[in-house]
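To keep things clear, I will list the structure first and then write my remarks on it.
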Amino acid sequence: MQTGDPKIIFGADYFPEQWPEEVWHDDIRLMKQANVNMVNLAIFAWALIQPDEDTFTFGWLDKIMDLLAENDIDVCLGTATAAQPNWLTEKYDDILFVRESGEQVAPGSRQTYCVNSPNYRRAAQRLAKEMATHYKGHPALKLWHVNNEYANKNSMCFCSNCETGFREWLKNKYVALDKLNAYWSTVFWSETYSTWEQIHTPRASAGGRNATKLLDYKRFLSESFYMLYMEEVNVLKKTTPDIPITTNFEGDWSKFDHSLFKDDLDVVSWNCYPNPLDPNARKWVALRHSMMRSLLGKPFMLMEQAPSQVDWYPININKSPGLMRLWSYQAIAHGSDSVMYFQWRASQKGAEKYHSGIVPHFGEDSRVYKEISNLGNELSKLQDIHGSTIDAQVAILMDNDSWWSVDNPYGKGNKSLDNETFWAANGQPFPTVLLNYFGELEYYFNAFYNLNVPVDVIPVHYDFSKYKVVAAPLLHMIKPGFKEAVETFVQNGGTFLTTYFTGLIDEHVGVFLNGYLGPLKEVLGVTVEEFDPLPLDGTNRMIMAANPDGFKKEYGCSVWCDVSHVTSAKTLATFGEDYYKDYPCVTESQFGSGRAYYIATRPDADFMHDLITKILKDQKIQLHDLPEGVEIMKRKKAGQEIDFYLNHGKDAIKVELPKGNYENILTQTPCKHVLQLEKYGVAILRRIDENGK
Ligand code: GAL
């Protein structure tokens, strides 16, 4: 992406329309003072830009665009389509999305539109076209910001347009109704369809719903969001071919398959809102940054973060001094080339008035503004980092289809243990509410992250041959080609790792017969006969078969036990309890020059630590044993490594450095042997020679 000079982008969502014009000049002064070099403009300004169907008014936007250009502040211009104006909603009765209950959502907020409303889509395209035509060639325009957080509030819709669209999508996919009936196995419960019109959106029924239909509906809606995006992209590309395009993701990939957007994004951008009350916030953040970086395999943009507190967690504590800076550097350390915020000036009125802003209600003398402007100044001196990359040797595979098939496909779902609530909220029958696709992925990510090893999190269909270790937790669905890709990868020396409830279904949700793990049975050298979900507090024991170096004799496990049989694998650990006592719970298969591991349960964290340590060491991947709370990430540019040391702890700490001479880029001072990090301290080191070069 070319957004002007190569630099770390620093800025915010800016809503000048909320303020009288005289404030704008003060904004510019404060932006300059804070080294802001880009703002997101017009994101929710549709009603102001198009007050009625036939009128477009750009006066106020022209003024602020010009003012920003005069002050060398770039604009990432919103196409303004995330919140439609009331006149549009009133005029067409299909604009608002419909909940599963059949009730149409009330207007009065953003993302109330239905992704398949032809009237919304036509109006959105028209607006994008007007915006592009009007701002083509404007010196401030450096990046397009299409819509805002697709599917955040409107990921599921059950309206008649979605129903018709779904039928068309199904016709396209299955061509003949017989084929659909066969793949959906509608022979059960007399669900057989004799006309396409009998197919409705998969609303809650009397009991469990057809899992293939549910999955197809999620796939259809996911593609609908992509189509919606592309309609705007096509208009923008035609009118302003040189301006790069992004859309800011919210970060919850269960709402749609983000990999659909891959080829049509010039840069990935996302909004990162960890809860400062969460003791694992840094891990939460690290995983999501890794997902964003891995989508295109290049630097991403941190498009929004809170200057201090948000206003939508149940309790919204602020970011205490130093935390905002630390998390900003964490984003850069994980591959972001920007640090941006929502929003520039805290709103005085309206829905988000208690959400923090860079310029708080208190004004420029506030702690928050001072911390952010100090960071802006610091970042303006760090231009060498821009464009540097991260070389991960480990990848975790993520699959939306497996996710939607394992969890409730209706978003986060209700994990209630009370039977009635469970049925009322649940989409499809499954073995246990304790199954949690993303939670398991997070568990594996953290096992690597705790050892300070960078991990790419890539969609399952990406090429993973360049990595040394690939983990695919809970990969429930195995699609054509995956078996061969894994076998070649392991054959060539890679390490593959997977878990329970993997390899049960094909892409049409049909169960593989004659042993779970299905197409992965050969490479793993093991097959699964049956599974046994454990009660809420249920546990089993994992007994190590031999006494290998680096392992204890036994560990605990929970959630689930597979009853499995090895064919060619070696059993590393067996279960210690129940009728499957002595059956394998961890296996290792030598396949070609690589190894494939299978874990039949959810091991406790100490086992994860020991196993992942072994796997990394076997593959000669460098892990870093750092004091608790300290993180290291490395970016690379022109052969030079840039080491980020981040102290997430509340106490100052000393870190031993690997042999060599370093320069701390932030302080421009040399350092050696030991690094002193303050509470929330950050150091960015590059190696230098003895002469300081
Ligand atoms: C984001 C959204 C912003 C703002 C922010 C508040 O999800 O894109 O417009 O609402 O949350 O935290």
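The values are calculated or read from the model by the stated rules, or taken from the named source; none is laboratory data. Small disclaimer: the values here were computed from a predicted structure and weren't measured. Neighbour counts run over all protein chains shown; Cβ positions are idealised from the backbone, glycine included. Only protein heavy atoms, including side chains, enter the accessible area calculation; ligands, DNA and RNA are left aside. Shrake-Rupley method; radii C 1.70, N 1.55, O 1.52, S 1.80 Å.
Okay, here's what the table says:
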{"item": "Kirkwood Rh in Å, taken over the stretch 394-618 so that all alpha-carbon pairs contribute", "result": "17.6 Å"}
{"item": "SER568 versus ALA206: modelled label distance in nm, points set 7 Å from Cα along the beta carbon direction", "result": "5.0 nm"}
{"item": "For the chain, share of DSSP beta bridges that run antiparallel, in % to the nearest 5", "result": "60 percent"}
{"item": "Mean accessible surface per residue for the chain, computed with a 1.4 Å probe while every protein chain stays in place, in Å²", "result": "40 Å²"}
{"item": "Equivalent ellipsoid, the stretch 248-371 (semi-axes from 5 times Cα gyration tensor eigenvalues, Å)", "result": "26, 15, 14"}
{"item": "Burial ranking of peptide ranges 137-148, 663-674 (average Cβ count within 10 Å, highest at the top)", "result": "137-148, 663-674"}
{"item": "Accessible-area composition of the stretch 107-212, carbon plus sulfur, in percent [1.4 Å probe]", "result": "51 percent"}
{"item": "Relative contact order (%) - the chain, alpha-carbon pairs under 8 angstrom, separation at least six", "result": "10 percent"}
{"item": "Of all accessible heavy-atom area on the stretch 630-688, the percent that carbon and sulfur account for (1.4 Å)", "result": "49 percent"}
{"item": "Table column - 3J(HN,Hα) (Hz), the stretch 451-465, Karplus curve with 6.51, -1.76, 1.60, x for Gly and Pro", "result": "9, 6, 10, x, 10, 8, 10, 10, x, 4, 8, 5, 6, 10, 5"}
{"item": "Full-extension gain in nm, ASN547 to GLN590, via 0.36 nm per residue minus C-alpha separation", "result": "13.6 nm"}
{"item": "Normalised convex hull volume, the stretch 11-66, alpha-carbon set, Å³ per residue", "result": "76 Å³"}
{"item": "Share, in percent, of DSSP beta bridges within the stretch 394-618 that are antiparallel, nearest 5", "result": "60 percent"}
{"item": "All lysines inside 27 Å of LYS581 as judged from Cα atoms, apart from same-chain residues fewer than 8 positions distant", "result": "LYS521, LYS552, LYS553, LYS570, LYS614"}
{"item": "Lysines whose Cα lies under 25 Å from that of LYS255, excluding same-chain neighbours fewer than 8 positions away", "result": "LYS153, LYS171, LYS173, LYS213, LYS218, LYS283, LYS298, LYS412, LYS415, LYS479"}
{"item": "Positive-end extreme of charge dipole, the stretch 1-143 - chosen from PRO107, ALA45, ASN119 (charges on Cβ)", "result": "ASN119"}
{"item": "Whole-Hz ³J(HN,Hα) from phi, Karplus 6.51 cos²θ - 1.76 cosθ + 1.60, for the stretch 20-29, glycine and proline x", "result": "x, 4, 4, 5, 4, 5, 5, 4, 4, 4"}
{"item": "Positive-pole candidate from ASN547, PRO584, THR567, dipole of the stretch 394-618, charges at beta carbon", "result": "ASN547"}
{"item": "Lysine pairs with alpha-carbon atoms under 13 Å apart, the stretch 630-688, spacing 8 or more or separate chains", "result": "4"}
{"item": "Estimated 222 nm signal from helices in the chain, with DSSP H stretches of n ≥ 4 weighted -39500 (n - 2.57), rounded to 500", "result": "-9000 deg cm²/dmol"}
{"item": "The chain - Rg over Rh from alpha carbon coordinates, Kirkwood radius", "result": "0.97"}
{"item": "Point-to-point label distance, ASP391-LYS173, nm (Cα→Cβ direction, 7 Å offset)", "result": "4.1 nm"}
{"item": "Estimated dipole of the chain in Debye, rounded to 20 [Cβ of Lys and Arg +1, of Asp and Glu -1, Cα centre]", "result": "1100 debye"}
